[in-house]
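Here the structure comes first, spelled out in structure tokens, and everything after it is commentary.
Laboratory data are not the source of any read-out in this text; all were calculated from the coordinates shown. In this text, all values refer to a predicted model and were calculated from it rather than measured experimentally. With ideal geometry, Cβ positions are generated from the backbone for all residues, glycine too; neighbour counts draw on all protein chains shown.
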2 protein chains.
Amino acid sequence: MKTVKIAIMGFGNIGVGTYQGLETNHDAIAEKTGIDLRVKRILEIDVDRPRPVNPDKSVYTQNVADIFGDPEIAVVVELLGGLEPATTFMIDAMKAGKHVVTANKAAIAANYEKLMDAAKENHVLFRFEASVGGGIPVLTAIQNALLANRFEEVLGILNGTTNFILTQMTEGGRPYAEVLKEAQEKGFAEADPTADVEGYDVANKLSILISLCFGKRVKVEDIPTVGITGVTAAEIEDAKKNGEVIKLIASAHLKDGAVECSVGPQRVPLSHPLAGVSNEFNALYLKGNIVGETMFYGKGAGPLPTGSAILGDVIDIARHIEGLR
Amino acid sequence: MKTVKIAIMGFGNIGVGTYQGLETNHDAIAEKTGIDLRVKRILEIDVDRPRPVNPDKSVYTQNVADIFGDPEIAVVVELLGGLEPATTFMIDAMKAGKHVVTANKAAIAANYEKLMDAAKENHVLFRFEASVGGGIPVLTAIQNALLANRFEEVLGILNGTTNFILTQMTEGGRPYAEVLKEAQEKGFAEADPTADVEGYDVANKLSILISLCFGKRVKVEDIPTVGITGVTAAEIEDAKKNGEVIKLIASAHLKDGAVECSVGPQRVPLSHPLAGVSNEFNALYLKGNIVGETMFYGKGAGPLPTGSAILGDVIDIARHIEGLR
């Protein structure tokens, strides 16, 4: 059994989900991989907030030097969110020889080259499966099992909040404002839902997918993005009559070597695999020139599903370190 | 650019699809990975059969020693099918220090321990993504991105022929025999459809999934298996009235530490993600204790989709060899 020690930066919902996932499945992971995975440090100011897990108080630190300067820590999991200090911390971790795992779609979409270059220069691995599609292993598939393909089409339902709202509007024939209010009361939408309902969250994810599928960079601000705030019950009804359903779709393909892409409400025929993706579920539909149509479906958010993807990345790195693959 | 040379054993439909996929995307693969992937040898007796690809005649051999004895060949792709000589050839290739990729579900299901042990003893990699779900990257996901999970449920539609027949029976209200005949005429079902329609093909795939998801071996002959030959139009109609659709389902879960599994026609509620998987498409629905529900969808057969999975495995091995990950 080989021990691999990690640090988590930021102990909010996703950090807690990751910790909880490891606590629950530590032994199963050890049995499958021969690796004893341990959280040695957690960077967090708010130590006393009630959480469903209780790491020993000595694990917490408010000083990144305790993480970057600790030669025992092999992998740093960045879950602070936002562009800064997250990006600087990730690059500093790489400079200190740490492999980095993150779920931070905004930081990757904004600083893709910078982060990839830093990983390369410092000979460390950089993984971010959790940044797109939560627990659904899409990025790993694109970069590995489906790598032999040229990708022809990327279509995604990549935001659970908006898919929940659109599903409820479709099934209940209710107006946007009413459903949003209910979603907020139930905790499915944030008090300030802007990033979700205006499509910005999805645009970040699409920018990352474009980098991986097409090897081209399209910045978030260059992706034509429309949210769901203008979708009316009448439009949904009209789509229904045509055998279609309105979904917030992230779309990208190559045309004459250039990326055409957008985020916005689209009418999806009921016969399309994405049409059946309801409520908080996400899915990514990919067309490859060899494999044809594929679709990946699951929970695109939430502490445990996202934690599943983060732990998958951490374990993959741990196996590389230990030469166990 | 690093060159990695491979050999293909068996140049039927899947071998040709793999070769064709590589021919089409050789440069894209090289650009993405830095690897120049080459087919150095093809083991095949029938050299003159018309095929959509035309390897140089000097590539063909009828002698496995030309492959196992060639130090330039790093990866052997076994596509002979059947238990023997395929199993012996795979083990001999491993003994000769070759990494092995196969699509041979029957050989893996029958000789799982033997093949895994041989790979371990000879310090080579053994990959078989194409053996379950064709081009859909399910095995890679189970062993990597989803590895942090304990799997709670495995439900699959894993045979395109039977799913096509059941879909046509459901949509057209037609009897089994009539649809089978049409499927045979269109090339969707083989002249002797036994392995497909009796569920044996699916049972092989389920045996492999059980090994990977639960770390337990259930031999094909120990999986209760019922095919679709007894499914009547009346049963399908009755299911429809209850908001259900009849699918040939491979099912496995743990109960008190033991595997409960079966292959057979099941009624699937229309609200279940598997209900919308129609015609020749396949899908695997997995429930993990962290990630929750996931589903992987795509073409479960066919030369190119299967070739996509084989090439994914080959590239993964090539990157390991060259230390490029």
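Can you list the copy-to-copy distances for A:Pro224, using a point 7 angstrom from Cα toward Cβ, in nanometres, shortest first?
Taking the point 7 Å beyond Cα along Cα→Cβ, the inter-copy spacings are 5.6 nm.
Would you look at the GNM of chain B, springs on alpha carbons closer than 10 Å, and say which of B:Gly199, B:Gly307, B:Gly230 moves the most?
B:Gly230
Springs between alpha-carbon atoms under 10 Å, Gaussian network over chain A: tell me which of A:Asp192, A:Asp313, A:Asp222 tops the mean-square fluctuations.
Taking springs between Cα atoms under 10 Å, the residue moving most is A:Asp192.
Name the shape class, rounded, prolate or oblate, that the alpha-carbon gyration tensor gives for segment A:187-286, where a ≥ b ≥ c are the square roots of its eigenvalues, rounded holds for a/c under 1.5, and otherwise prolate holds if a/b is larger than b/c and oblate otherwise.
oblate
By how many degrees, between 0 and 90 and to the nearest 10, does the Cα long axis of helix A:13-33 differ from the longest principal axis of chain A?
Compared with the principal axis, the helix lies near 70 degrees.
Count neighbours as other Cβ atoms within 10 Å of each site's Cβ, and list the GluC sites (Glu not before Pro) in segment B:54-155 that are DSSP loop with at most 16 such neighbours. Mind dumping the intermediate values first?
On the way: sites: B:Glu72, B:Glu78, B:Glu113, B:Glu121, B:Glu129, B:Glu152, B:Glu153; in loops: B:Glu72.
Passing sites in segment B:54-155 are B:Glu72.
Might you report the magnitude of the Cβ-based charge dipole of chain A about its Cα centre, with Lys and Arg at +1 and Asp and Glu at -1, to the nearest 20 debye? Numbers along the way, then the final one.
Values: 32 positive and 42 negative charges, 140 e Å.
The dipole of chain A has a size of about 680 debye.
Once the mean 1/r over all distinct Cα pairs of the protein assembly as shown is inverted, what Kirkwood radius in angstroms do you read off? Write down the numbers at each step before the final one.
On the way: mean 1/r = 0.0390 Å⁻¹.
It is 25.6 Å.
Compute the helix-to-body angle for A:176-185: its Cα long axis versus the longest principal axis of chain A, expressed 0 to 90° and rounded to tens.
Value to nearest ten degrees: 30.
Using the Cα centre of segment B:133-187 as the reference point, and only Cβ charges (+1 on K/R, -1 on D/E), how large is the resulting charge dipole? Debye, rounded to the nearest 20. Kindly include the intermediate steps, with their values, before the conclusion.
Working: 4 positive and 6 negative charges, 20 e Å.
Computed about the Cα centre, the dipole is about 100 debye.
Which chain A residue comes nearest the axis with its C-beta when you rotate A onto B, and by how many angstrom?
Closest to the rotation axis on chain A: A:Gly276, 2.
Out of residues 5 or more away from B:Val245 or on other chains, whose amide H comes under 5 Å of its own, with H placed 1.01 Å from N in the peptide plane?
Sorted by chain and number, the residues that satisfy this are B:Val268, B:Leu270.
Would you kindly work out the equivalent ellipsoid of chain B from its C-alpha gyration tensor and give its semi-axes, the square roots of five times the eigenvalues, largest first in whole Å? Before the final figure, lay out the partial values.
Details: eigenvalues 240, 104, 62 Å².
Its equivalent ellipsoid spans semi-axes of 35, 23, 18 Å.
Could you tally the net charge around A:Asp56, taking each other residue with its Cβ under 15 Å from the Cβ of A:Asp56, Lys/Arg +1 and Asp/Glu -1? Kindly include the intermediate steps, with their values, before the conclusion.
Values: positive: A:Lys5, A:Arg38, A:Lys40, A:Arg41, A:Arg51, A:Lys57; negative: A:Glu23, A:Glu44, A:Asp48, A:Asp66.
So the environment of A:Asp56 carries a net charge of +2.
Suppose every Lys and Arg Cβ carries +1 and every Asp and Glu Cβ carries -1, with no other charges. What dipole size does segment B:181-325 come out with about its Cα centre, to the nearest 20 debye? Present the calculation step by step, with values, prior to reporting the outcome.
Details: 15 positive and 20 negative charges, 101 e Å.
I would put it at about 480 debye.
Cross-link list B:Lys247/B:Lys299; A:Lys216/A:Lys255; A:Lys120/A:Lys299; B:Lys2/B:Lys98; B:Lys216/B:Lys287: which exceed 22 angstrom alpha carbon to alpha carbon? Working shown, then result.
On the way: B:Lys247/B:Lys299 16 Å; A:Lys216/A:Lys255 13 Å; A:Lys120/A:Lys299 31 Å; B:Lys2/B:Lys98 17 Å; B:Lys216/B:Lys287 17 Å.
A:Lys120/A:Lys299, as the Cα separations exceed 22 Å there.
Which whole-number percent gives the relative contact order of chain B, counting Cα pairs below 8 Å spaced six or more residues apart? Please list the in-between numbers first.
Values: 646 pairs, mean separation 70.8, N = 325.
Across chain B, relative contact order equals 22 percent.
What are the label-to-label distances in nm, one decimal and shortest first, from A:Ser271 to the same spot in the other copies, with labels 7 Å along Cα to Cβ?
Copy-to-copy label distances for A:Ser271: 2.7 nm.
When Lys and Arg each count +1 and Asp and Glu each count -1, what net charge do the other residues less than 12 Å away from A:Pro85, Cβ to Cβ, add up to?
On the way: positive: none; negative: A:Glu78, A:Glu84, A:Asp92.
Overall, the nearby charge balance is -3.
May I ask you to list the residues of segment B:297-325 whose amide nitrogen lies under 16 Å from a point 7 Å from Cα along the Cα→beta-carbon direction of A:Ile321?
none
Across 10 Å bins from the origin, how do the percents of Cα pairs in segment A:77-210 run, short distances first?
11, 35, 30, 17, 6, 0
Given a cut-off of 16 Å, what percent of all Cα-Cα pairs of segment A:1-91 lie beyond it? Before the final figure, lay out the partial values.
Details: 2226 of 4095 pairs.
Of all Cα-Cα distances in segment A:1-91, 54 percent exceed 16 Å.
Distances from B:Glu182 to the same residue in each other copy, label points 7 Å out along Cα→Cβ, in nm, shortest first?
So the label point of B:Glu182 gives 4.1 nm to the other copies.
Suppose only helical runs count, i.e. DSSP H with n ≥ 4. What mean residue ellipticity at 222 nm does that imply for the protein assembly as shown under -39500 (n - 2.57) per run, divided by all residues and rounded to the nearest 500 deg cm²/dmol? List each step's numbers first, then the result.
Values: 24 runs with 254 residues, N = 650.
Calculated from helices alone, the mean residue ellipticity at 222 nm is -11500 deg cm²/dmol.
How far is helix A:200-214 tilted, in degrees, relative to the longest principal axis of the Cα atoms in chain A, given as a value from 0 to 90 rounded to the nearest 10?
Its long axis makes an angle of about 80 degrees.
Using Cα pairs closer than 8 Å and at least 6 residues apart in sequence, work out the relative contact order for segment A:51-173, in percent.
17 percent
State the volume of the convex hull built on the alpha-carbon positions of segment A:248-325, expressed per residue in Å³ and rounded to an integer.
Details: hull volume 12.6 nm³, N = 78.
Dividing the Cα hull volume of segment A:248-325 by its residue count gives 162 Å³.
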